[in-house]
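> Would you mind keeping the following structure in view while I ask a few things?
Since every read-out is calculated from the coordinates, none of them should be taken as a lab result. Note that the structure is a prediction, hence the values are computed from the model and not measured. Neighbour counts are summed over all protein chains in view; Cβ atoms, including those assigned to glycine, are modelled from backbone coordinates with ideal geometry.
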Amino acid sequence: LENLQPEIKELAQRLRYEVSVRGKQLGWSEKVARFHFAKNMRRIVSELYVRDNCHPFKATVLLWVQVPMWVCVSLALRNCSVGARGPAVQEQFSSGGALWFTDLTAPDSTWILPVSLGLVNLLVVEV
């Protein structure tokens, strides 16, 4: 979207000039000229979005999917780790780890998992 801004500004100037010339030829009022400018500008910008495949909604789709998913997974893991799902699940978590973390209910004293998760998320955002 940012890369399209210079092109949109240039097209807006050209369209503004064309609408003013056409408006003077046909005797349009300022209100009618603004209406035609806005209508054609929306059409041109939509064509640019289609051409470059960069609709503004695509930028927010990840947010609307990822945030609720993150909240649900976090709450599910919290409920499982504190024993809200029953003692059998908590017992499995306390003995089901791997490598240096053998107890999934204990805090990570080495901070390896939180730091690595943060770095992976940063990498995903930057790429």
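> Over the alpha-carbon set of the chain, work out the extent along each principal axis and list the three values in angstrom, largest first.
Largest to smallest, the principal-axis extents are 83, 27, 20 Å.
> Related question: I'd like the Karplus ³J(HN,Hα) series for the stretch 57-72: coefficients 6.51, -1.76, 1.60, θ = phi - 60°, whole numbers in Hz, and an x wherever there's a Gly or Pro.
Calculated HN-Hα couplings, in order: 5, 4, 6, 9, 4, 4, 4, 6, 9, 6, 5, x, 5, 5, 5, 5 Hz.
> Please list 103-109, 51-57 highest first by mean number of surrounding beta-carbon atoms within 10 Å per residue.
103-109, 51-57
> So, with +1 on the Cβ of K and R and -1 on the Cβ of D and E, and no other charges, what is the size of the charge dipole of the stretch 3-54 about its Cα centre, to the nearest 20 debye? Mind dumping the intermediate values first?
Numbers: 11 positive and 6 negative charges, 54 e Å.
With Lys and Arg at +1 and Asp and Glu at -1, about 260 debye.
> Still on this structure: Assign one of three labels to the stretch 61-126, namely rounded, prolate or oblate, based on the Cα gyration tensor with a ≥ b ≥ c the square roots of its eigenvalues; rounded applies when a/c is under 1.5, prolate when it is not and a/b is larger than b/c, and oblate otherwise. Provide the component values of the computation, followed by the final result.
Working: a/c = 3.46, a/b = 1.37, b/c = 2.52.
Here the stretch 61-126 falls in the oblate category.
> What residue among Ala106, Val67, Asn53 has its Cα farthest toward the positive end of the dipole of the chain, where the charges are +1 on Lys, Arg and -1 on Asp, Glu, each on the Cβ?
The one lying farthest along the dipole's positive direction is Asn53.
> Now for a separate question. So how strong a dipole does the chain carry about its Cα centre when Lys and Arg Cβ are +1 and Asp and Glu Cβ are -1, to the nearest 20 debye? Intermediate results must be reported in sequence, preceding the final value.
Numbers: 14 positive and 11 negative charges, 236 e Å.
With Lys and Arg at +1 and Asp and Glu at -1, about 1140 debye.
> Could you pull out which residues in the stretch 1-33 have an amide N less than 17 Å from a spot 7 Å beyond the Cα of Val45, following the Cα-Cβ vector?
In the stretch 1-33, the label zone of Val45 (backbone N under 17 Å from the point 7 Å along Cα→Cβ) covers 1-17.
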